[in-house]
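Please treat every number below as a calculation from the coordinates, not as lab data. Keep in mind the model is a prediction, meaning the values are calculated, not measured. Neighbour counts run over all protein chains shown; Cβ positions are idealised from the backbone, glycine included.
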Amino acid sequence: MIRFFSIWKKWFLNTLQKCASLKFNFTFAEVYFKRKRCMKIGIIPARYASTRFPGKPLALIHNKPMIQHVFERCKEADLDEVYVATDDERIKNAVENFGGKVIMTNPNHASGTDRCAEAARTINLKNKDYVINIQGDEPFIRKEEINLLANMLDNQKVQIATLAKPISNHEEFINPNKVKVVFTKSNQALYFSRSPIPHNALLKLQVTSNESQSILHSFKHLGIYAYRNDILQQITQLPVSTLEETEKLEQLRWLENNYTIHVSVCHHESIAVDTPEDLGLV
């Protein structure tokens, strides 16, 4: 009897798999096999009370609220689902009006990472599911960068993934609002800073006349992350660290507590909207 059940179960699961692979309208098979693998979930944290730009997610760009642009770009990527995580009814209503999925979160979160962690708990993600944290002020983010980031987690050794872009001009290199990152030969982050790092790159720049070439070994951090859900839940329980407080960069808290951040280099950076003046650039 046990042998018969084992054979029947194997046949049944194989049949379900074939139905799913042939894209038949077989909802149970699709759901079953989707949950057997890691889900890739995009979460866009969005709050209304921005210091420099209140109501930023609802600012209109080409007759659409900014949050809708971000949501639609994310839906183009290879993600299983996309959610907006917010604490504001106005944003919630705007997302629902364009057909998006939204999760209401605690208004007291200190960061978008904390908001993503609560949203992941709300939708009951498994420990190994992927959470991709996409900033809500990137209305023209591309699917290529989102997919590049998410696919880094296919390497089981990667706990947290992020992106960086080579720096090629002096102003960007010395700007404290442009976070720099240095990493190992295996692309593991060593440090993030608002200061020009590595220092020697600035010296080399001062003696060269060709700024069009990337500054030696200097990379700008792009503030988009991917984590496995268990790691996300762990890092949001950590207390604020000394280096984090010094640089005002939460990722330093993770490094100080021995979590690893892997960096993938890309060569495209979408336009971010930080102030009302930035709307003129998009």
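A few remarks follow.
- Residues of region 107-138 classified as touching a residue at least 40 places away in the same chain (Cβ under 8 Å) and touching a Ser or Thr at 6+ places or on another chain (Cβ under 8 Å), total: 7
- The number of residues in region 58-106 that are within 10 Å of residue 44 (Cβ to Cβ), of a type in the set (Phe, Trp, Tyr) and free of Cβ contacts under 8 Å to residues at least 40 places away in the same chain comes to 1.
- Number of the condition not met by residue 146 [criteria: (1) within 27 Å of residue 258 (Cα to Cα); (2) surrounded by fewer than 15 Cβ atoms within 10 Å (Cβ to Cβ)]: (2)
- Picking from residues in region 59-87 that are crowded, with 19+ Cβ neighbours inside 10 Å and among the charged types (D, E, K, R), the one that is nearest to the chain's Cα centre (by Cα) is 73.
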